[in-house]
Amino acid sequence: MTAANFILIRCYAASDIERQLPQLAGLLQDCVHDGASIGFILPFTAPESTVFWTQNVLPAVQGGRRLLLVAEQEGQIVGTVQLDWDSPANQQHRAEVRKLMVGPAFRRRGIARLLMQEVEARARQLPRSLLTLDTRTDDHAEPLYISLGYAVAGVIPGYALSADHSGLDATTIMYKQL
């Protein structure tokens, strides 16, 4: 990679989230407006995006229940993924991968793969031996997860309203044993 293409993966602390809130909110908003199925529907405003980071992610990171990994290129946030290990007592061996996002202008460059590889390495350090996630069925992320060794546990039809309200999308539940 040239210096201009170098991607740095960082683990964000609460103070990093607060400092980079405008960029994080912008990334989320760009992804939702591009059709990403990550829990939000249109219209999706900048204040709504900010609320997600400040009221959902920030408290979980502060509480030591979630990890936020951020991909940066030349100081710009180009992608994120979260690892949530807030599990019941009988599930302390597993964690959930949440909200893998890569900005629309930065896709198809291997950034999602780098984020997933790092989230797996961090899960092993916790230590966690099982990762789970869900993704919109037939979404562009599904082949990525399969190429990384995730297996399909099943598909739930009509799981979530599409971001543009055009219908209900199925979700594929996946897992990987580390």
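If only the Cβ of Lys and Arg carry +1 and only the Cβ of Asp and Glu carry -1, the dipole of the chain around its Cα centre is close to 560 debye.
Dipole orientation for segment 1-139: of the candidates Met101, Ala89, Leu69, Ala89 has the Cα lying most toward the positive pole (charges on Cβ; Lys, Arg +1; Asp, Glu -1). May I ask which residue of Ser37, Pro157, Ala141 lies farthest towards the positive end of the charge dipole of the chain, with charges of +1 (Lys, Arg) and -1 (Asp, Glu) on Cβ and the Cα centre as origin? Comparing the listed Cα positions along the dipole, Ala141 ranks first. Calculated [222 nm] ellipticity per residue, helices only, for the chain: -8500 deg cm²/dmol; basis is -39500 (n - 2.57) per DSSP H run with n ≥ 4, divided by all residues, nearest 500. Values [x] 21.4; [y] 16.7; [z] 19.4 are given for comparison; Kirkwood radius over Cα pairs in Å, derived from the coordinates here, is the one labelled [y]. When the charge dipole of the chain is built from unit charges on Cβ atoms (+1 for Lys and Arg, -1 for Asp and Glu) and taken about the Cα centre, the candidate among Ser129, Tyr12, Phe52 whose Cα reaches farthest toward its positive end is Ser129.
If you take the Cα centroid of segment 10-60 and the Cα centroid of segment 91-149, the two points sit 18 Å apart. Could you tell me whether segment 85-178 comes out rounded, prolate or oblate from its Cα gyration tensor? Rule is a ≥ b ≥ c as square roots of the eigenvalues, rounded for a/c under 1.5, then prolate if a/b exceeds b/c, otherwise oblate. Oblate shape, in that a/c is at least 1.5 and b/c is the bigger or equal ratio. Using a probe of 1.4 angstrom and keeping all protein chains present, the accessible surface of the chain works out to 50 square angstrom per residue. Measuring nothing but how far apart in sequence close Cα pairs (under 8 Å, 6+ apart) lie, relative to its length, segment 24-152 scores a relative contact order of 20 percent. Tally up the carbon and sulfur contribution to the accessible surface of segment 1-94 as a whole percent, 1.4 Å probe, everything protein left in place. Carbon plus sulfur share of accessible area: 54 percent.
The values are calculated or read from the model by the stated rules, or taken from the named source; none is laboratory data. Small disclaimer: the values here were computed from a predicted structure and weren't measured. Note that we place each Cβ from the backbone using ideal geometry, even for glycine, and neighbour counts take in every protein chain shown. Note: areas computed on protein heavy atoms with side chains; ligands, DNA, RNA excluded. Shrake-Rupley method; radii C 1.70, N 1.55, O 1.52, S 1.80 Å.
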